[in-house]
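The values are calculated or read from the model by the stated rules, or taken from the named source; none is laboratory data. What you see is a predicted model; the values in this text were computed from it and never measured. As a convention, Cβ positions derive from the backbone with ideal geometry for all residues, glycine included, and neighbour counts pool all protein chains shown.
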Ligand SMILES: CC(C)(COP(=O)(O)OP(=O)(O)OC[C@H]1O[C@@H](n2cnc3c(N)ncnc32)[C@H](O)[C@@H]1OP(=O)(O)O)[C@@H](O)C(=O)NCCC(=O)NCCS
């Protein structure tokens, strides 16, 4: 199966894809679902909260109609908890106006390592108006490989986020500009 089999669709109304996203999350994070911070109910609560917040949008990848990967994002305004949770302020450009925060990204095992995640990521940014994008990563995940992947996509470290709960890891906050060609007027 080649990546040509993959099609992408964008959604701005969570109710259209809520079950699809929860199903995808359960598949992508199957090995971690027993951990408190990764429980399906915890994800669903977070998703519902994010789905009701400004600028929510998701890109879902399909292989012949079957969902195989996803990402979703929100607009975050200056002063948003995304920024106030950092141990020190990020560079000013990120907080001077709205930014887009990518809150989840995942691809089912079969389709990893083939560039599908980057296509989903780029598609998600393509419909945005915010000039800067940000995401958080567990710097220890995969011995640092996930963070390295995001660095290859152009992200750099802009801060650290203290764990939100005793079960959560410390996260590295990363950011990059959204290319002009992606920005919608
Ligand atoms: C992150 C992700 C979307 C990237 O997909 P991709 O571009 O196809 O990249 P790959 O899956 O090949 O990942 C790149 C490398 O990171 C490793 N990696 C990716 N996610 C990992 C994770 N959660 N834990 C440990 N290692 C991970 C892969 O094993 C791979 O290592 P390799 O090059 O030695 O094979 C995909 O790996 C995924 O869905 N992972 C699980 C969910 C996740 O971790 N999401 C990110 C949260 S910040």
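See the values below:
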item: Residue 87, sole failed condition from (1) buried (at least 21 other Cβ atoms within 10 Å of the Cβ); (2) touching a strand residue (DSSP E or B) at 6+ places or on another chain (Cβ under 6 Å); result: (1)
item: Members of region 63-81 that are within 15 Å of the ligand (Cβ to nearest atom), surrounded by fewer than 21 Cβ atoms within 10 Å (Cβ to Cβ) and without any contact (Cβ under 8 Å) to a residue 60 or more places away in the chain; result: 67
item: Residue 106 being within 14 Å of the ligand (Cβ to nearest atom) and under 21 Å from residue 16 (Cα atoms); result: yes
item: Failed item, numbered, when residue 135 is tested on (1) over 17 Å from the mean Cα position of the chain (by Cα); (2) within 16 Å of the ligand (Cβ to nearest atom); result: (1)
item: Breaking point among (1) within 12 Å of the ligand (Cβ to nearest atom); (2) free of Cβ contacts under 8 Å to residues at least 24 places away in the same chain, for residue 84; result: (1)
item: Restricting region 32-43 to residues that are assigned to a helix (DSSP H, G or I) and in contact with a helix residue (DSSP H, G or I) (Cβ under 9 Å, 6 or more places away or on another chain), the residue that is nearest to the ligand (Cβ to nearest atom); result: 32
item: Residue identified as at pLDDT 95 or above and surrounded by 13 or more Cβ atoms within 10 Å (Cβ to Cβ) among 52, 96, 44, 30; result: 44
item: Test: residue in region 38-61 that is at positive phi and touching a residue at least 40 places away in the same chain (Cβ under 8 Å); result: yes
